[in-house]
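Everything on this sheet refers to the single structure shown next.
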Ligand code: AMP
Ligand code: MG
């Protein structure tokens, strides 16, 4: 066999998330480039949130509709306060959950540096202080708010490894920082703190119960307008190639199985999200196992019933979108 003269293109943009890789990534961001990086939720596709051109590259790389605003990642609540206006409730939630997988939608501050395109022209802004050490180091080194949706093509399953990012976005990003698997595995929970009581726009890695405990009262539902434009709120999202059969109590011939708590017999075509019925473990495994099963090429993936409490709310939300009819 002839030796390869060049490594395959896909390895060219991948770097270890060590200090050297992070410094290189930060420089790319300051020059308007695109960097995929690990966060505690999923891999993000980052760009300078202050630059209309850089943000435009995110929408182009993902094939994301430009009406869908982006979350700006900042290193601290102090920096966030320069970008958005924090009500008492918003401050309480930021203090309770930042750094961490909670996104707050607040009125945009007059002096914001985040460009209108990142906000899809709205007078509100979505902010998050991530906890993952690589994300913190990158956002700090770049010295800019970093707009970062999940690093997948729009509508596809969110990436929880660097390999997933390259599967979707190879040739469309300048660099992928490989920091291993994302520890939470589910996107951030999004709460709007605008007029009236805080509203849950998207369930995610922080449970509704944890947020309500911090607030001392129940979250409200999104308004009709918010519901339509909300996150991945397009009915079909997180979609694998296979069709999902939700709430399956048995595995039929010719189906792959996404199991929970040992409902299905074991097999090479079955992945159990959590044999011990632990919803945090199930959340961590959800997108990884969906991608693995999808790669096996089955027409149908049967999905065992998963309880709706705690993180089960977000897990069931993602599965319902993955099962929805495609546009
Ligand atoms: P993601 O697709 O995971 O990056 O999540 C981004 C989601 O956050 C969007 O789809 C919106 O639903 C929500 N979001 C971001 N920015 C805003 C904003 N300024 N106002 C309301 N919702 C927002
Ligand atoms: Mg996404």
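Laid out as a table, the results:
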| item | result |
| --- | --- |
| Residue within segment 248-266 that is under 19 Å from the mean Cα position of the chain (by Cα), buried (at least 16 other Cβ atoms within 10 Å of the Cβ) and touching a residue at least 24 places away in the same chain (Cβ under 8 Å) present | no |
| Filtered residues of segment 100-120 (kept if assigned to a loop (DSSP other than H, G, I, E, B) and surrounded by fewer than 19 Cβ atoms within 10 Å (Cβ to Cβ)) | 109, 110, 111, 113, 116, 120 |
| Exclusive hit being touching a helix residue (DSSP H, G or I) at 6+ places or on another chain (Cβ under 7 Å), in a loop (DSSP other than H, G, I, E, B) and more than 16 Å from ligand 2 (Cβ to nearest atom), set 218, 282, 276 | 218 |
| Condition met for residue 302 (in contact with a strand residue (DSSP E or B) (Cβ under 7 Å, 6 or more places away or on another chain), at pLDDT below 95 and under 22 Å from residue 160 (Cα atoms)) | no |
| Residue, surrounded by the fewest Cβ atoms within 10 Å (Cβ to Cβ), within segment 121-147, restricted to residues that are assigned to a loop (DSSP other than H, G, I, E, B) and in contact with a strand residue (DSSP E or B) (Cβ under 9 Å, 6 or more places away or on another chain) | 123 |
| Residue count for segment 172-196, restricted to those that are within 14 Å of ligand 1 (Cβ to nearest atom), in a strand (DSSP E or B) and farther than 27 Å from residue 82 by Cβ | 0 |
| Residue list for segment 122-132, restricted to those being touching a residue at least 24 places away in the same chain (Cβ under 8 Å) and more than 16 Å from the chain's Cα centre (by Cα) | 122, 124, 125 |
| Residue ID - nearest to the chain's Cα centre (by Cα), chosen from residues in segment 148-171 that are within 16 Å of ligand 2 (Cβ to nearest atom) and not in a loop (DSSP other than H, G, I, E, B) | 150 |
| Qualifying residue in segment 112-120 (condition: more than 26 Å from residue 31 (Cα to Cα), touching a helix residue (DSSP H, G or I) at 6+ places or on another chain (Cβ under 9 Å) and either away from ligand 1 (no atom under 16 Å from the Cβ) or touching a residue at least 60 places away in the same chain (Cβ under 8 Å) (or both)) | no |
| Single match in 110, 81, 88, 117 (criterion: within 23 Å of residue 208 (Cα to Cα) and over 17 Å from the mean Cα position of the chain (by Cα)) | 88 |
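The values are calculated or read from the model by the stated rules, or taken from the named source; none is laboratory data. All values derive from a computational prediction rather than experimental measurement. When we count neighbours, we look across all protein chains shown, and the Cβ atoms used for this are built from the backbone with ideal geometry, even at glycine.
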